[in-house]
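The values are calculated or read from the model by the stated rules, or taken from the named source; none is laboratory data. Everything quoted here is computed from the prediction, not taken from an experiment. Every residue, glycine among them, receives a Cβ derived from its backbone with ideal geometry; neighbour counts consider all protein chains shown.
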Amino acid sequence: MRNRSVTYSSRPARATSPSHQSRAQWGPRHGADLVLRTDAAFHALADPTRRAVLDLLRRGALPAGQIAETFPVSRPAISKHLRQLRKARLVVEQRRGRHRFYQLNAEPLKAVASWLDDYRRFWESSLANLKAFVESEYVRETERIPSKTK
């Protein structure tokens, strides 16, 4: 029997803002919350099965059983994947009678996209500068070497 009082997660508890405060009052905790949410999203997206579940849910909400039937792994394994996606807030669970329906929540992906955009701009700028440098060096080199004519 497992000792249920033991915590297996090494990640810190999620920082949340009190609902009665506005974003302007959050201060530095807002940044920490954004980092934790982005980390949770990246952790969830690191697994190919979870990415496939998100791709499946782009078409609309599906019951857990139908999601599980799509994959060659056990239902408990899919349940664990869905739990990770729920923790990262990438999916929303709705209970309808005995069934649990899962729907894609794209909001955390916006934070990931924003984070990636900073690096995309950096690399586009760096590669544009490298291209300009290489082209200018090519022009200089071709001007120094006289062309051979017969």
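Of these, R95, R140, R100, which one is in contact (Cβ under 8 Å) with a residue 12 or more places away in the chain and not small (G, A, S)? Lay out the reasoning, then the answer.
Working: R95 fails: in contact (Cβ under 8 Å) with a residue 12 or more places away in the chain; R140 fails: in contact (Cβ under 8 Å) with a residue 12 or more places away in the chain.
Exactly one residue qualifies, and that residue is R100.
So, in the range 57-97, of the ones that are in a helix (DSSP H, G or I) and among the polar types (S, T, N, Q), which residue ends up surrounded by the most Cβ atoms within 10 Å (Cβ to Cβ)? I'd like the intermediate steps shown before the answer.
Step one: list which residues in the range 57-97 are in a helix (DSSP H, G or I), which gives 57, 64-70, 75-87.
Now drop any that are not among the polar types (S, T, N, Q), which leaves 66, 70, 79, 84.
Values: Q66: 13, T70: 12, S79: 14, Q84: 20.
Per the stated criteria, the residue is Q84.
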* Structure fact -> Considering residues that are loosely packed, with under 10 Cβ neighbours inside 10 Å and touching a helix residue (DSSP H, G or I) at 6+ places or on another chain (Cβ under 9 Å), the number found within the range 110-149 is 0
* Only residues that are aliphatic (A, V, I, L, M) and over 30 Å from S79 (Cβ atoms): list them for the range 93-150, please. => L127, A128, L130, A132, V134, V139, I145
* **Those residues of the range 99-126 which are modelled with pLDDT under 90 and assigned to a loop (DSSP other than H, G, I, E, B), in sequence order** => A106
